[in-house]
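Data block below; observations after.
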Amino acid sequence: MSTTARRAQVVLCGIGGQGVVFLSRVLAEAVMREGLEVLTSETHGMAQRGGAVDSYIKIGGFCGTVVRPGRADAALVLDASRFEAAQRFLRDGGACVVNGTEGELTCDATGIAKSVGHPRGANLVLLGFAASRRPDLLPGLEALGAALERLSPPAARDANRAALERGFEQAG
């Protein structure tokens, strides 16, 4: 699918402190770098106490910011406890990528992030993995890397990029 024709609804599900909001900003920035329209919004539970955090990204010409249940093309699940919540957003045939060790389309993002010395980078590992598996829905590594360069604090840029790239390599 041509990037100029890409339309996708993506949901990010996690818990407070996992970087769901940062991940949505990186994804949105990368989409804009590819010249596409993007809308984002978030819902926060008791995020500061480990509550639910969902972020919605609409790529292409959509109206409204919230992804309705049964409409998402993809879901990235940063914590396996949020899997069922993510599932309700997916349309038939939608892709669900989970930070975990069991099942199809899973990636041990937490373990990989620790192995590269950046335990807080599991969100970026998962994004890299998902982007490499679903290039029809998500931006490529170049756009994601450029977005990270712009949005990461200087002290975290190299570690963030390494986490993203390691995730991207996992799918190969």
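Each of residue 169 and residue 102 was given a label point 7 Å from its Cα along the Cα-to-Cβ line. The distance between the two points is 2.9 nm.
So what is the diffusion coefficient of segment 3-170 in µm² per second by Stokes-Einstein at 10 °C and 1.306 mPa s, using a Kirkwood Rh over Cα pairs? Spell out each step's value before the answer.
Values: Rh = 15.4 Å.
The Stokes-Einstein estimate is 103 µm²/s.
Selection among 159, 115, 36 by position relative to the dipole of segment 3-170 gives 36 as farthest towards the positive end (Cβ unit charges, Cα centre). Annotation for segment 136-152 versus segment 79-109: alpha-carbon center distance of 21 Å. The charge dipole of segment 3-170, taken about its Cα centre with unit charges on the Cβ atoms of Lys, Arg (+1), Asp and Glu (-1) only, comes to about 320 debye.
Gain in length, residue 158 to residue 114, computed as 0.36 nm per residue apart minus the alpha-carbon separation, to one decimal in nm?
Stretched out fully, the residue 158 to residue 114 stretch lengthens by 14.4 nm.
Under the simplified labelling scheme, the residue 80-residue 136 pair shows an inter-label distance of 2.8 nm, with each label point 7 Å from Cα along Cα→Cβ. With each label modelled as a point 7 angstrom along the Cα→C-beta vector, the residue 68-residue 32 pair spans 2.8 nm.
Counting other Cβ atoms within 10 Å as a rough exposure proxy, the listed residues 112, 15, 57 run 15, 112, 57 from fewest neighbours to most. A simple rule links phi to the HN-Hα coupling: the Karplus curve 6.51 cos²θ - 1.76 cosθ + 1.60 with θ = phi - 60°, which for segment 129-141 gives 4, 5, 5, 6, 7, 10, x, 6, 10, 10, x, x, 4 Hz, with x for Gly and Pro.
Read the figures in this text as sums done on the coordinates, not as results from a lab. Bear in mind that the values here come from a model prediction, so they are computed numbers and not experimental data. Backbone-built Cβ (ideal geometry, glycine too); neighbour counts: all protein chains shown.
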